[in-house]
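Asks: Questions regarding the structure given below will be posed in turn.
The values are calculated or read from the model by the stated rules, or taken from the named source; none is laboratory data. Just so it is clear, the structure is predicted and the values come from calculations on it, not from any experiment. Heads up, the Cβs are rebuilt from the backbone with ideal geometry, glycines too, and the neighbour counts pull from every protein chain shown. Heavy atoms of the whole protein, side chains included, go into the accessibility calculation; ligands, DNA and RNA do not. Shrake-Rupley method; radii C 1.70, N 1.55, O 1.52, S 1.80 Å.
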Amino acid sequence: MGTGRKKILVIYTGGTIGMMKTSNGYAPEKEKFHQLMEAIPELKSEEMPEWQVVDMDPLLDSSNITVREWNIIGSMIAEHYDRFDGFVVLHGTDTMAYTASALSFMLRNNRKPVILTGSQIPLCEIRNDARDNLITALMVAADDCVHEVCLYFGGKLLRGNRSIKYSADDLIAFESPNFPPLAEAGIEIRYNTGLLLPAPKGPFSLQKLQNVPIGVIKVFPGIQFELFDSIMTERLRGIVIETFGAGNIPGNGDMLLPIIRKASENGTIIIVCSQCPHGTVSLGAYETSATLKKAGAVSGYDLTTEAAVAKLYYLFSTGMKEDEIRYHMEHSLCGEISLESEER
């Protein structure tokens, strides 16, 4: 190092991008992946930042990523924060949106680009999407205008805590249903500068997450709410309920009222999100959602389920009291909720 170019740390956690063919199917092999990266001539161009790779040990399929790994990735960024200008996290696609959401809360007062990316086809294949995702993520990570955790995939830069995995087999695998892309990569990388978060003023710090008991319930026609009564114990700290539309539940929601009330009395935080990718929850707008509001549930507005889960982990880990957590779940901390929703 020492050429004046930006310095980017690449954190390789596993996932499809670095997998190789084996007799048992694709599996991560870090030495061969490092060799493939070194063999990409564009990565050595003067127009590219300098980069260095560190590996998470062990490398994991992203379906095996847990709160423990979020803390490891966050710690790796915090440990190297002062030495690098930006970070690229190579990650499997299945839970990338969860990790991006978690890091957006954990990296408090982050003023450097943290870009998650990966691929649907491994870099070892002749035809792949890994090369472009990797090159562009590195270029974005070296750009001074990004001060947040983002996800780059398939030509679009998305706010990390607004992203969801949209497709299991398309090369455009992610979507940001309630917030426009922060940038689009065509012939040039075109930033929507008015959407980017400003650089924070406070000192950077890492908030590690505690693995508190959190659940997700997806409402469906004919759901028997009484079946969930047994899990609403004092151990359950938070629960995300994915409802229909703007926060609606079936007409037998009266069965849910005592269950939610019991959960609230136990100190459980109940967040209502919508099963619809586009749109926002508005508790009380319809009679069928009023039950939830009366029982003490709070609105997630246009939070993704991924962001709601990560935000609950974060708020509980800060040691906030229940009323503070309920308040902050309805108000944006780092761009995860639309201001229009926040003002309702």
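Asks: If you line up the long axis of helix 256-265 against the longest principal axis of the chain, both from Cα atoms, how many degrees apart are they, to the nearest 10?
Replies: On a 0 to 90 degree scale, this one is about 70.
Asks: Would you mind working out the accessible area per residue for region 153-267, using a 1.4 Å probe, and quoting it in Å²?
Replies: Details: 5960 Å² over 115 residues.
Accessible surface, normalised per residue, equals 52 Å².
Asks: Could you grab the relative contact order for region 94-199? Cα pairs under 8 Å, six or more apart, rounded to a whole percent. Please report the intermediate quantities before stating the final value.
Replies: Working: 199 pairs, mean separation 28.0, N = 106.
In percent, rounded to a whole number, it is 26.
Asks: List the residues, sorted by chain then number, that are 5 or more residues from Val89 or on another chain and whose placed amide H is less than 5 Å from its amide H.
Replies: Here the answer is Ile11, Ile115, Leu116, Thr117, since their amide H atoms fall under 5 Å of that of Val89.
Asks: For the chain, calculate the relative contact order in percent as a whole number, restricting contacts to Cα pairs under 8 Å that are 6 or more residues apart. Display every interim value, and only then the final one.
Replies: On the way: 730 pairs, mean separation 49.9, N = 344.
Worked out over the chain, it gives 15 percent.
Asks: Could you tell me the largest-minus-smallest coordinate of the C-alpha atoms of region 10-80 on each of the three principal axes, in descending order and whole angstroms?
Replies: That gives 37, 37, 15 Å along the principal axes, largest extent first.
Asks: Restricting attention to the alpha-carbon atoms of region 151-232, what are Rg (one decimal) and Dmax (integer), both in Å?
Replies: 18.8, 55
Asks: Please report the projected area of the chain's Cα convex hull averaged over all directions, in nm². Please list the in-between numbers first.
Replies: On the way: hull surface 73.0 nm².
Orientation-averaged projected area of the Cα hull: 18.2 nm².
Asks: At a temperature of 10 °C and a viscosity of 1.306 mPa s, determine how fast region 171-326 diffuses translationally according to Stokes-Einstein, using the Kirkwood radius over alpha-carbon pairs as Rh; express D in µm²/s, rounded to the nearest whole number.
Replies: On the way: Rh = 17.3 Å.
After rounding, the answer is 92 µm²/s.
Asks: How much length, in nm to one decimal, is gained on full extension between Phe220 and Phe204, taken as 0.36 nm per residue of separation minus their Cα-Cα distance? List each step's numbers first, then the result.
Replies: Working: separation 16, 0.36 × 16 = 5.76 nm, distance 4.21 nm.
Contour length minus Cα-Cα distance gives 1.6 nm.
Asks: Can you give me the P(r) profile for region 74-210? Cα pairs, bins 5 angstrom wide beginning at 0, each as a whole percent.
Replies: The percentages, shortest bin first, are 2, 11, 21, 25, 20, 13, 6, 2, 0, 0.
Asks: Counting pairwise Cα distances across region 122-165, what percent come out greater than 11 angstrom? Spell out each step's value before the answer.
Replies: Details: 644 of 946 pairs.
Value for region 122-165 (Cα pairs over 11 Å): 68 percent.
Asks: Would you mind counting up the charge near Val212? Only other residues with Cβ under 10 Å from its Cβ, with Lys and Arg at +1 and Asp and Glu at -1. If you can, show how the numbers build up before the last one.
Replies: Numbers: positive: Arg235, Arg237; negative: none.
Within the 10 Å Cβ shell, the charges total +2.
Asks: Excluding Lys7 itself, calculate the net charge of residues whose Cβ lies under 12 Å from the Cβ of Lys7, where each Lys or Arg counts +1 and each Asp or Glu counts -1. Spell out each step's value before the answer.
Replies: Values: positive: Arg5, Lys6, Arg83, Lys112; negative: Glu50, Asp82, Asp85.
Counting the neighbours of Lys7, the net charge comes to +1.
Asks: Tell me the relative contact order for region 162-299 as a rounded percent, counting alpha carbon contacts under 8 Å between residues six or more apart. Working shown, then result.
Replies: On the way: 197 pairs, mean separation 26.7, N = 138.
Relative contact order here is 19 percent.
Asks: Still on this structure: From the phi angles alone, apply the Karplus equation (6.51, -1.76, 1.60; θ = phi - 60°) to region 165-173 and give each ³J(HN,Hα) in whole Hz, x where the residue is Gly or Pro.
Replies: 6, 9, 9, 8, 9, 7, 6, 8, 8
Asks: Loop sites only, by DSSP: take the GluC sites (Glu not before Pro) in the chain that have at most 12 other C-beta atoms within 10 Å and name the longest stretch containing none of them.
Replies: Numbers: sites that count: Glu46, Glu47, Glu188, Glu234, Glu343.
Maximal segment without exposed cleavage sites: 48-187.
Asks: While we're on this one: Find, among the trypsin sites (Lys or Arg not before Pro) in region 49-113, those assigned to loop by DSSP (not H, G, I, E, B) with at most 16 other beta-carbon atoms within 10 angstrom.
Replies: Those satisfying the criteria are Arg83.
Asks: Now, a different point. Once phi is turned into ³J(HN,Hα) by the Karplus curve 6.51 cos²θ - 1.76 cosθ + 1.60 with θ = phi - 60°, what whole-Hz value does each residue of region 138-154 show in order, with x for glycine and proline?
Replies: Per-residue couplings from phi come out as 5, 5, 5, 5, 9, 8, 6, 8, 9, 10, 7, 8, 10, 10, 10, 6, x Hz.
Asks: Compute the length gained on full extension between Glu125 and Glu324: take 0.36 nm times their separation in residues and subtract their Cα-Cα distance, giving the result in nm to one decimal.
Replies: Full extension from Glu125 to Glu324 adds 66.7 nm.
Asks: Let's test the formula: R0 of 45 Å, r as the Cβ-Cβ distance of Asp229 and His331. What FRET efficiency results, to the nearest 0.05? Before the final figure, lay out each step's value.
Replies: On the way: r = 30 Å, r/R0 = 0.68.
Step by step, r from the Cβ atoms, then E = 0.90.
Asks: What distance in nm separates the two pseudo spin-label positions at Leu257 and Ile40, each 7 Å out from Cα along the beta-carbon direction?
Replies: Spacing of the two 7 Å Cα→Cβ label points: 5.7 nm.
Asks: Let me ask you something else. Please give the Cα centre distance for region 256-316 versus region 116-185, rounded to the nearest Å.
Replies: Going from one Cα centre to the other spans 29 Å.
Asks: Give, in whole angstrom and from largest to smallest, the semi-axes √(5λ) of the equivalent ellipsoid of region 91-154, with λ running over the eigenvalues of the Cα gyration tensor.
Replies: On the way: eigenvalues 105, 42, 7 Å².
Its equivalent ellipsoid spans semi-axes of 23, 14, 6 Å.
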